[in-house]
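Structure, as structure tokens:
The values are calculated or read from the model by the stated rules, or taken from the named source; none is laboratory data. Since we're looking at a predicted model, the values are computed, not measured. No Cβ is skipped: glycine too gets one built from the backbone with ideal geometry, and neighbour counts run over all protein chains shown.
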Amino acid sequence: MEPLTYRAFIRTVVQVRKNERLEKIPVLRKDPKAIGLVFEKFMRRQINFSERKSFLKELYVVLGYRYSMKIFVTVPNYLHLLHDLLNLDPNGDASDGDVRATVQKILRKFINFALFEDDQQRVFDLIALIEFSSYSNSIPLRATEQISKRTENLFESDQKTVSQNFFKLLKPIEFTMKEYREKSQKKLLEESKMNSEIMTEKKLESYNTKKSIVPNICQFVYYLEYFLLKIGATIEQDEVQIVQFISNLFDFLYETQILHLIYPPMKSIPSEINSNVLMKKYESVCHRNGGPLISMLTIIFTVLRNAKIIPEKVGLLKCCAVLLGLQKNDRTSDPNVSRHGSGMKDKPKDGPPHPLKELMISAIKRYPGSEVKKDMSTSLVDSANADKLPDLLVQKVIFERLLC
Amino acid sequence: MLLIYEIVFNGLFKLIYSEVNASKVDSSVIRGSENNKETDEVQKANEDPNGFASLDGSSQNKYSDELVLLLIEIISFAGLAINNTLRMHHVSDTNSTRGCLNKKPMNQSISKRNLGETEIRYKNNFSAIKLELEKVCEYHGEQIRQIKKQETNKFSDNQANRLNKKLKIDELFALCNPEFSASKGLKSGSAGLKITKNPREILVAISAFIQIHREELQSEINHTLKYSSLKIPRLVTHYNH
């Protein structure tokens, strides 16, 4: 493609707008199909390397604006593009350091949006990206034919193929969580300086209690539980990565107090149930009974059972004690966040009588049930949400491919 | 709340059990080849405090110690409640024909096989989910029926006697928390039980106790906690199979 043709091509999807401060900013045009066509050209390598490099940089810049990100996730083949970026040929595009760095930045933008910014449970798109490779292998289509072939060569078993995107996304997800924590603390510090007030726990809570993060993060924890149970014994092969990720996730959940949420509530279901009743009334109770707390416990024990690295396993055991309120979490970066009930081991006489109960009450106060319950107990067998089931994400991907 | 402690207790015991089994296999492998000169050399190298193998062994011990320490903490905190649940369901379990509770894993295995197939079916046929839910309901209904049946006979004289029966878990709990032994009327030194207050001695005593009585402990804990109190369906694991 000629340079001028390329510029004109890009202009069909990127426009310049003025923001609130009257600064000119590049954003995506509200034309998902045209954008999808550009993505297709990129994935089929119909534009040369320097143009692809330039395209990635421009994409990163436009995705810096929430407006563009909202349009980006409506593009029919945007998951294909992200999958393609995750699996760039190490001897081709990925051999360039700039390209690798830009790809990482784009992925972080997307993860940040999916987990922390969007309130439409966009986390399922992130899960779809993790599960993507298995689908592209099973049904090779034009757009991803090359990727599928490359994937088949790299990985022998389907199971391993499923895992490949997961492990590639661990670092960007970790980075995004860390960035979110740092940003929230920085913002609070700035606010406290401006108002000459002491940073209070209440302020931190109000910042973290964004409606979007609870359902998104919880669904991600549920998915992680599902994924680790699925890969089971093969955890050992990537144990360092997995244990490190879980430790960081644990710290994040602890700091935001999502860890001690038990929605859907952990209660017994009646003795007589049938599938109709279960679908209508009790499905949300049975599904993920006990919320992120029980999921995190399951995750920790699954890894402890299958991993071999001792020091990291000792660290996970400590997480278990922290979760129960028997120990303090001394790894969390924010000393201002106090936890009722934690530190029972350090001060057994002064500590509350029931540390776990105290932690749960504290979490419920921060995330009132009435506000969170609705999002936390999303029905998965309801047809409207069927595509949100991990097993049914395939439908979503296939559907999006048909649109291409 | 108790359920959370039960889950952790059950998970920890399983981990300790597998650690104990693994160490048993290691020592038997070494013992089996005692005459081998090469093995002697390896053993000598292991004894070297600066050797890699010894370092690995000590970290393994540290992990086992941490497992037991956490078990002690949980028992100190919620031991009585966990013990009551265990004891109640153990009585029900031993009093029944065992047929009902032993049937469940079999049903589960059938369910597992079917669920593997359903993963594919989900993708093509949404009604398959309903079919799977019916299986969950059937499994749950059977569980509840058996438990109700047992609970109606729970206070019979025969079972009241069994409630007073000494179990290995009582001894384990007493080792972990000396206060527990007083509440349960266990005497120091009874049934080979030596209750100590020295933390290191407690750790060693518990590890040794679990090693010696692991089979009885496993049957007491696994049968009761797995099939009795932890009966709440969680579909997230169900989709896994």
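Only one of A:Glu190, A:Glu236, A:Glu182 is assigned to a helix (DSSP H, G or I), modelled with pLDDT of 85 or more and farther than 30 Å from A:Pro264 by Cα; which?
Among A:Glu190, A:Glu236, A:Glu182, only A:Glu236 is assigned to a helix (DSSP H, G or I), modelled with pLDDT of 85 or more and farther than 30 Å from A:Pro264 by Cα.
I want to confirm something. Restricting to segment A:15-31 and keeping residues that are surrounded by fewer than 19 Cβ atoms within 10 Å (Cβ to Cβ) and under 27 Å from the mean Cα position of the chain (by Cα), which single residue is farthest from A:His83 (Cα to Cα)?
Step by step, filter segment A:15-31, then rank; the result is A:Pro26.
Consider A:Glu156 against the criteria (1) over 25 Å from A:Val303 (Cβ atoms); (2) at pLDDT below 85: it satisfies all of them except one. Which criterion is unmet?
(1)
Given the criterion part of a helix (DSSP H, G or I) and either more than 23 Å from A:Asn112 (Cβ to Cβ) or out of contact with any Asp or Glu (no Cβ under 9 Å at 6 or more places or on another chain) (or both), identify the matching residue among A:Leu37, A:Leu22.
Of A:Leu37, A:Leu22, the one residue that is part of a helix (DSSP H, G or I) and either more than 23 Å from A:Asn112 (Cβ to Cβ) or out of contact with any Asp or Glu (no Cβ under 9 Å at 6 or more places or on another chain) (or both) is A:Leu37.
For segment A:353-372, name all the residues that are more than 15 Å from A:Tyr254 (Cα to Cα) and touching a residue at least 60 places away in the same chain (Cβ under 8 Å).
Scanning segment A:353-372 gives A:Gly369, A:Glu371, A:Val372.
Criterion first (farther than 30 Å from A:Gln121 by Cβ, touching a residue at least 12 places away in the same chain (Cβ under 8 Å) and under 25 Å from the mean Cα position of the chain (by Cα)) does A:Asp84 satisfy it?
Judged against the criteria, A:Asp84 is not a match.
For segment A:60-111, give me each residue that is in a helix (DSSP H, G or I) and touching an Asp or Glu at 6+ places or on another chain (Cβ under 7 Å).
Passing the criteria: A:Arg66, A:Leu79, A:Val99.
Tell me which helices (runs of 4 or more DSSP H) are completely within segment A:263-335 and hold 1 or more residues being at pLDDT 90 or above and within 30 Å of B:Arg145 (Cα to Cα), or say none if there are none.
A:291-306
Could you list, in sequence order, all residues of segment A:110-134 that are buried (at least 22 other Cβ atoms within 10 Å of the Cβ) and hydroxyl-bearing (Ser, Thr, Tyr)?
Within segment A:110-134, A:Ser133 is the sole residue that qualifies.
Mind listing whichever residues of segment B:219-232 are out of contact with any Phe, Trp or Tyr (no Cβ under 6 Å at 6 or more places or on another chain) and modelled with pLDDT of 60 or more?
Once the filter is applied, which keeps residues that are out of contact with any Phe, Trp or Tyr (no Cβ under 6 Å at 6 or more places or on another chain) and modelled with pLDDT of 60 or more, segment B:219-232 yields B:Ser219, B:Glu220, B:Asn222, B:His223, B:Thr224, B:Leu225.
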